[in-house]
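Chemist: Can you read through this structure? Questions will come right after.
Readers should treat all values here as calculations from the given coordinates under stated rules, not as data from a laboratory. It should be emphasised that the depicted structure is a prediction, and the values quoted were computed from it without experimental measurement. Methodologically, a virtual Cβ is constructed for each residue, glycine included, from the backbone with ideal geometry; neighbour enumeration extends over all protein chains shown.
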Amino acid sequence: MEHTIQFQPSYSVLELHLEPDEEVVAEAGAMVWMSDNLELTTSARGGALAGLKRAVLTGESFFQNTFKAQGAPGLLGLAPGQPGDIVAHDLNDDELLLEKGAYLASTPGIFTDSDFQGLRGLFNEGLFVLRVSGTGTLYFNGYGDIEEVEVDGSYIVDNGHAVAWEPTLEYELT
């Protein structure tokens with residue numbers, strides 16, 4: 001699957017080129033355009049409990065859409081609900097934590113679940129974040145431009161401005 005991210009960073013759109021029988025999972029309501037040979041299925045991916053946890057605890061949709069190219073290559077355009085940047089991030093049997101509402105799409109080998117952050121979760125303006133794990137490509141978004149910061153030592157960020165971080169990141173509220 002090839003992708004391009006257009007119109008960055010303000011009104012980004014993710015365009016995916018799917019080969020026959022290739023599929024991608026996307027947040028409900030993210031589809032902007034698609035070729036007519038894409039098959040769309042909607043489900044509470046992971047079951048009703050997983051969908052409920054996603055919706056109530058992390059601000060994501062209860063339902064997720066799966067798009068699959070049928071018989072020929074397909075084209076799919078996805079956009080987040082708020083204006084801002086989109087990042088493609090490859091996972092290789094590892095994890096990433098996302099702020100509420102940041103998940104846009106992923107390849108089928110990526111799984112989402114809520115993660116309780118306790119009072120430390122105030123770092124991200126909530127007690128729960130989205131834990132994304134597996135192997136494949138994750139597409140996430142944030143309001144405005146997204147800049148990757150390599151933390152070596154201490155670094156101060158205002159709460160609510162972290163979009164994604166590795167679970168091994170140690171942080172504290174000050």
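Chemist: Taking R0 as 30 Å, what FRET efficiency do you get between residue 37 and residue 113 from their Cβ-Cβ distance, rounded to the nearest 0.05?
Modeler: Efficiency, from the Cβ-Cβ distance: 0.40.
Chemist: Let me ask something additional. Could you list which residues have their amide H under 5 Å from that of residue 30, counting only those 5 or more apart in sequence or on another chain, with H placed in the peptide plane?
Modeler: Sorted by chain and number, the residues that satisfy this come to none at all.
Chemist: Within the set of other residues whose C-beta is less than 10 Å from the C-beta of residue 10, count the net charge using Lys and Arg as +1 and Asp and Glu as -1. Walk me through the intermediate numbers first.
Modeler: Working: positive: none; negative: 85, 145.
Net charge around residue 10: -2.
Chemist: Between residue 8 and residue 23, what length comes free when the chain is fully extended (0.36 nm per residue of separation minus the Cα-Cα distance, one decimal in nm)?
Modeler: Numbers: separation 15, 0.36 × 15 = 5.40 nm, distance 2.42 nm.
The residue 8-residue 23 span can extend by a further 3.0 nm.
Chemist: Using a 7 Å offset from the Cα along the Cα-to-Cβ direction at both residue 135 and residue 94, what is the distance between the two label points in nm, to one decimal?
Modeler: Once both label points are built, they end up 1.5 nm from each other.
Chemist: Let me ask something additional. Would you mind putting 12-22, 140-150 in packing order, based on average other-beta-carbon counts within 10 Å, highest first?
Modeler: 12-22, 140-150
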